[in-house]
1. What FRET efficiency comes out for the pair residue 23/residue 301, r = Cβ-Cβ distance, R0 = 22 Å, nearest 0.05?
2. Return the sequence-ordered ³J(HN,Hα) values of the stretch 117-127 in whole Hz as given by the Karplus equation 6.51 cos²θ - 1.76 cosθ + 1.60 applied to θ = phi - 60°, using x for Gly and Pro.
3. Per-residue counts of other Cβ atoms within 10 Å, averaged by peptide: what ranking do you get for 150-157, 175-182, highest first?
4. Of the peptides 244-253, 353-362, how do they stack up when ordered by the mean number of other Cβ atoms within 10 Å, highest first?
5. For the stretch 122-195, build the charge dipole from Cβ charges (+1 Lys, Arg; -1 Asp, Glu) around the Cα centre, then report which of 194, 171, 127 sits farthest towards its positive end.
6. Given H placed on each backbone N at 1.01 Å, which residues far from residue 16 in sequence or on other chains put an amide H within less than 5 Å of it?
7. Determine, for each peptide in 42-48, 372-378, 134-140, 116-122, the mean count of other beta carbons within 10 angstrom over its residues, then list the peptides with the highest first.
8. Determine the gain in length on full extension of the stretch residue 389-residue 180; use 0.36 nm per residue of separation and subtract their C-alpha separation, reporting nm with one decimal.
Amino acid sequence: MLSKNHPIILFIDRFGFDVYQDILANIPRFNFTPDLIVNQDIVNKEQFVKLIGTFIQINKIIGSCMVVILSDDVIFVKDLKNPIQKSSPVLGFKTDLSDNKDHEDEVQSFLEDIPFEEVLAKVIKIGNINRIVAVNKDLVMGIADIFKDNGSTIETITPSFMYGRNANFAARLNLNNAKIVLEDIETLKLGNLLTDQEKIAPSLNLGSEIKSSSIDVKPNLDDGMKKPKNLRQYILIGVFVILLIILGIVYVNLGTSKITPQKPKLKNVSVNTVITPTITLAVQPVLTQTPIATPSTDFKSIKIKIVKNSQMEEKAVSLKDELLKMGFQDIVSEISEISIPEKSSIIFSQNIPADLRNNLVMEIKKILPDISILENQDSNFTINILLGKS
């Protein structure tokens, strides 16, 4: 394990991922955006792959062996009440079949509640506790496979709680945590979700459906665990039918309760006086765009690099002119040595103030309407703009 030089640590949390490699000057971060990830589900696979590929190339991450550490906010855990027992012919210990059955039922009940189609799951023994851990396979392997396509190999996928108090991952990945992970190989092996995965059994009421459609209910350990798709289809159909019934009841009630209004008689007008409320209209102030005002930041200290290909020269010139008008002075353009992605992106270093970022993005979107916003942990004042095809 970790036999190659310059191993990679990939730390995934709910809002993005950090990457450590000893040849990097810092720990770059890739932030998830709503157009890519919603509730831990990848909503735009093609764009997701392209942006992470660009992230790997910009930060010059070289292919190597890789360990994946999972934050507590992306995993599902449960401490099991019924630990599984194993037989020991030497000691004469016999397995309690009822305990095994209770253990399996508890694991299956937990896995059926995970809201994802495919999961990686494993029962990990921590002291006297058996803990079942599960994670969305599509998200984790979706990220790891992109690194794999760029020359890396996936060694382990391990939850961060395995390190206990020795490593504080609440502050994400840092140099101290990375050192602990690289030195504690046994913990990586013990918590590796790629080994000894739990299998999910089909529901009893779907037995005939599974037999008739010739579905193999024994998943491959390398493929994770796949839930029967028919169950989700039946649930959706049931919800749809219930909504139709409710809609019908509401429609009938509205039809029966509709009463034709009676015209008021003139002689009752003075008695049934209608009080008309006075409505005050609040006039909203007209918002006008204010010029950029960042007195704390000297534009001369900010370096902007525009990366383009030969076909994007005209757009790069327009963008540079606009940046010069805004007050930036240190602006360079260079021809990309990598393939240009479909979507343009702008990468801020961590010291660029938020108000400057917002105003700069607003101006750039006048030229590049469809642009992704990324961030790295470079301590310098740098802004990289990668011109895409769109």
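Just so you know, all these numbers are worked out from the coordinates, no wet-lab data involved. What you are looking at is a predicted structure, and each value in this text was computed from that prediction instead of being measured. Every residue, glycine as well, gets a Cβ built from its backbone with ideal geometry; the counts of neighbours run over all protein chains shown.
1. 0.25
2. Couplings: 5, 10, 9, 9, 9, 7, 8, 10, 8, 10, x Hz.
3. Listed from highest to lowest mean packing, they are 150-157, 175-182.
4. Listed from highest to lowest mean packing, they are 353-362, 244-253.
5. The listed residue farthest towards the positive side: 127.
6. Those lying under 5 Å, H to H, from residue 16 are 32.
7. Sorting 42-48, 372-378, 134-140, 116-122 by mean packing, highest first, produces 134-140, 116-122, 372-378, 42-48.
8. 71.0 nm
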